[in-house]
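J.: Got a structure for you, written out below as structure tokens; questions coming shortly.
The values are calculated or read from the model by the stated rules, or taken from the named source; none is laboratory data. From a predicted model like this one, the values you see are computed outputs, not experimental measurements. Because the Cβ atoms are built from the backbone with ideal geometry, glycine has one as well, and the counts that use them run over all protein chains shown. Surface accessibility is based on the protein's heavy atoms, side chains included, excluding ligands, DNA and RNA. Shrake-Rupley method; radii C 1.70, N 1.55, O 1.52, S 1.80 Å.
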Amino acid sequence: MDTDQIKKASLGKWESIAPEVRPGSIKNEDGTLKPFYLTRKFALFEDNGFELVINNLGDPYAKVCVAIISIRGHVQWRGDHPIAAGAQKVDFTADEEYTLTPMIQPFADVLNKFTKGFNEWKIGETQSILGKAFPPFGLAEGQLFKEYDLIYINNGMMFWGARNIDGRGFDKEENRPTNLQIPMVRQK
């Protein structure tokens with residue numbers, strides 16, 4: 001498929017098949033990275049706008065939701081990615097919405113210790129972090145969240161890039177993923 005065909009095939013709503021695991025950015029006492037569990041719901045629109053809702057989970061069976069992250073913004077298509085024929089480099093920029101909702105008290109407590117300029121973090125209450133200094137996510141004042149990623153469509157599934165095993169984010173071109181992650185399937 002060429003870029004236009006891939007864009008068209010990517011339109012619509014997608015969701016995780018099952019809870020996913022990624023290397024987190026926090027280390028265990030032995031220096032290994034703590035796992036990060038999540039599910040994703042993603043929608044891509046004809047104007048290259050997107051919506052992404054991530055349920056951050058406390059366990060691999062999705063029994064405990066730690067937080068809900070909601071992002072809206074735009075995708076920029078950057079051309080072929082060498083991982084597979086038809087894969088495309090894409091940049092996701094959260095330029096419309098970036099919100100966080102703590103779902104358990106221990107996470108709300110952490111947020112209350114390490115963030116400034118927000119209302120008190122409470123379970124089930126959403127706050128915008130768009131363009132604000134937010135140390136837990138490594139964001140500086142005025143900075144928009146952006147990821148250098150990829151999209152690959154195969155057999156009705158949408159793949160993005162697998163997280164770097166050393167915990168690096170996709171915050172620069174040189175950190176763009178080189179492997180495929182667990183796919184999402186089209187929502188009905």
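J.: Can you tell me how much longer the chain between K13 and K27 gets when fully stretched, taken as 0.36 nm per residue apart minus their C-alpha distance, in nm with one decimal? Can you show the working numbers first?
T.: Details: separation 14, 0.36 × 14 = 5.04 nm, distance 3.35 nm.
Result for the pair: 1.7 nm of gain on full extension.
J.: Please calculate the 1.4 Å probe accessible area of E173, with all protein chains present, and give it to the nearest 10 Å².
T.: 80 Å²
J.: Run through every distinct alpha carbon pair of region 23-144 and return the Kirkwood hydrodynamic radius in angstroms, one decimal place.
T.: Values: mean 1/r = 0.0619 Å⁻¹.
The answer is 16.1 Å.
J.: Still on this structure, please answer the following. Please report, as a whole percent, how much of the solvent-accessible surface of the chain comes from carbon and sulfur atoms (probe radius 1.4 Å). Present the calculation step by step, with values, prior to reporting the outcome.
T.: Details: 5330 of 10290 Å².
Carbon with sulfur: 52 percent of the solvent-accessible area.
J.: What shape does region 1-91 have by the C-alpha gyration tensor, where a ≥ b ≥ c are the square roots of the eigenvalues, rounded means a/c under 1.5, and otherwise prolate means a/b greater than b/c and oblate the rest? The partial results should precede the final answer.
T.: Values: a/c = 2.52, a/b = 1.72, b/c = 1.46.
Since a/c reaches 1.5 and a/b is larger than b/c, the shape of region 1-91 is classed as prolate.
J.: Normalised by the residues of the chain, what does the relative contact order come to in percent, with Cα pairs under 8 Å and at least six apart? Don't skip to the answer; put the middle values down first.
T.: Details: 429 pairs, mean separation 36.1, N = 188.
Over the chain, the number comes to 19 percent.
J.: Taking K and R as +1 and D and E as -1, what net charge do the other residues with C-beta under 9 Å from the C-beta of D149 add up to?
T.: Working: positive: K89, R176; negative: D91, E147.
Once positives and negatives cancel, what remains is 0.
J.: Let me ask something else about it. Evaluate the Kirkwood expression for the hydrodynamic radius of region 79-134, namely the inverse of the mean inverse distance over all pairs of different C-alpha atoms, and round to one decimal in Å.
T.: 13.7 Å
J.: Stretch Q76-K116 to full length: gain in nm at 0.36 nm per residue minus the Cα-Cα span?
T.: Working: separation 40, 0.36 × 40 = 14.40 nm, distance 3.16 nm.
Residue separation times 0.36 nm, minus the Cα-Cα distance, leaves 11.2 nm.
J.: Give me the percent of DSSP beta bridges within the chain that run antiparallel, rounded to the nearest 5.
T.: On the way: 56 of 56 bridges.
Roughly 100 percent of the beta bridges in the chain run antiparallel, per DSSP.
J.: Per DSSP helix of 4 or more residues, -39500 (n - 2.57); summed, then divided by the residues of the chain. What does that give at 222 nm, rounded to the nearest 500?
T.: Values: 2 runs with 18 residues, N = 188.
One gets -2500 deg cm²/dmol as the mean residue ellipticity at 222 nm.
J.: Quick one: accessible area per residue over region 84-188, 1.4 Å probe, rounded to a whole number of Å²? Display every interim value, and only then the final one.
T.: Values: 5500 Å² over 105 residues.
So region 84-188 comes to 52 Å² accessible per residue, rounded to a whole number.
J.: For region 64-118 and region 121-170, compute the distance between their C-alpha centroids and round to whole Å.
T.: What the calculation gives is 3 Å, centre to centre.
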